[in-house]
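Have a look at the structure below before the remarks.
Any read-out appearing in this document is the output of simple, stated calculations on the displayed coordinates, not a laboratory observation. This one's a predicted model, so the numbers in the text were calculated from it and none came from an experiment. Using ideal geometry, Cβ is built from the backbone for each residue, glycine included, and neighbour counts are taken over all protein chains shown.
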Amino acid sequence: MTQWLRSTLLTGRLTFDSSLLTLRKELQDCAIVHELLHAHAPNHGKLWESLMRAHLGEYERLEAGLRRVASRARLASAKAR
Ligand SMILES: [Zn+2]
């Protein structure tokens, strides 16, 4: 989902990109919870949505915020090349 977290299902290890620390705390929480819940729900189906809502409340606004930040980062990266 994000450029900030990459999970390796084979090892069960989550790797956090240090750029995650530049985000607002609520966006950091959303990105981390998003990835952690994939241990229980591998896709973005109803179970995953339900777990996201249970942990973060109305998480859709946060997910939209993460997408905006990721989009801006991709644009900045493309311009730097
Ligand atoms: Zn996901």
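With q set to 0.15 Å⁻¹, the log10 of I(q)/I(0) for the chain, from the Debye formula over equal scatterers at the Cα positions, is -0.55.
With the contact rule set at Cα under 8 Å and sequence spacing of 6 or more, what percent relative contact order holds for region 19-80? Could the numbers behind the result be given before it?
On the way: 26 pairs, mean separation 20.6, N = 62.
So the answer I get is 33 percent.
Ordering ALA76, SER19, MET52 by Cα displacement along the dipole of the chain toward the positive end leaves ALA76 in first place; charges were set at the Cβ atoms of Lys, Arg (+1) and Asp, Glu (-1).
For a modelled paramagnetic label at LEU21, 7 Å from Cα along Cα-to-Cβ, the residues of region 30-68 in reach, with backbone nitrogen under 19 Å, are 30-33. When only the Cβ of Lys, Arg, Asp and Glu is charged (+1, +1, -1, -1), the dipole of region 19-80 relative to its Cα centre reaches about 360 debye.
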